[in-house]
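The values are calculated or read from the model by the stated rules, or taken from the named source; none is laboratory data. Worth saying up front: this structure is predicted, and the values here are computed from it rather than measured. Virtual Cβ from ideal backbone geometry, glycine too; neighbours counted across all protein chains shown.
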Amino acid sequence: MDPTTTSPYINYATPRPGTAITAADVTALVAAFHAADRKLRLEYVTSCAPSLEALLTAAGFTVEARHTYLLCQPDTLTTPPTLDHFSLYEPGTDPERAALISAQNEAFGGDPVAAEADVTRLRRQQRAGGVAVMALTDGGTCAGGGGAVPPIGAVSEVAGIAVREPYRRRGLAGAITAETTRRLFGAGAEIAWLEASGEESWRVYERAGYRPAGQRLYIALT
């Protein structure tokens, strides 16, 4: 749980792989999220807790989505050709972080203004070992970017790969994905994973060296 936001996409639960989970555990989880005034959602790899979905649906949870996730390891990562008129950087100042977040928000159809809490969260994530990459034009405009959370057990999620509309179809998404992943592996991560939002992004990630590996479930208490 993140005390700075109520976003259900940042505050959510994930089962510990191999742990026996009971209906009482689900009840306790509901109580914990209720006490924190947060909507209860879970995101997890279904093979880690095969019997959990039945317990959740019996408690009134509703499935939001099922997605295939993809994995990349150092020996499968493919680095695309260098792009003309664009440079990839790790944002090191709050104005740079705000520019990256604004570009991501715009690309995903959200409010292009970067909230102070989002900038703080990104700074904290970088300091904890996470990765952030921004793509700058020759004129210094942030065309897009992406990032990865701090690795846990040498595994990290790559997310937020975004390119603003005027700069799409130039290979930027693949370059950002590969650079983010390269930085992760350079810092000691052994596995990077992500999810594709559609066929086009799926092709982008496969060209960077990602391969389908399993299913993830998104489920919430309505």
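Worth pointing out:
- Filter result for P50 (touching a Cys at 6+ places or on another chain (Cβ under 9 Å) and under 27 Å from G153 (Cβ atoms)): no
- Only listed residue being touching a Pro at 6+ places or on another chain (Cβ under 6 Å), part of a helix (DSSP H, G or I) and among the hydroxyl-bearing types (S, T, Y), chosen from S102, S47: S102
- Inspection of region 88-96 finds a residue satisfying the criterion of being surrounded by fewer than 12 Cβ atoms within 10 Å (Cβ to Cβ), over 30 Å from E206 (Cβ atoms), of a type in the set (S, T, Y) and free of Cβ contacts under 8 Å to residues at least 12 places away in the same chain.
- L40 in contact (Cβ under 8 Å) with a residue 40 or more places away in the chain and surrounded by 14 or more Cβ atoms within 10 Å (Cβ to Cβ): yes
- A117 being assigned by TED's automatic domain parsing to the domain that holds A189, modelled with pLDDT under 95 and of a type in the set (A, V, I, L, M, F, W, C): yes
- One residue from A143, A159, A196 being on the phi < 0 side of the Ramachandran plot, without any contact (Cβ under 8 Å) to a residue 40 or more places away in the chain and not charged (D, E, K, R): A159
- Number of the condition not met by V113 [criteria: (1) β-branched (V, I, T); (2) in contact with a helix residue (DSSP H, G or I) (Cβ under 8 Å, 6 or more places away or on another chain); (3) surrounded by 13 or more Cβ atoms within 10 Å (Cβ to Cβ)]: (3)
- Selection status of V119, surrounded by 13 or more Cβ atoms within 10 Å (Cβ to Cβ), among the β-branched types (V, I, T) and either under 30 Å from T222 (Cβ atoms) or free of Cβ contacts under 8 Å to residues at least 12 places away in the same chain (or both): no
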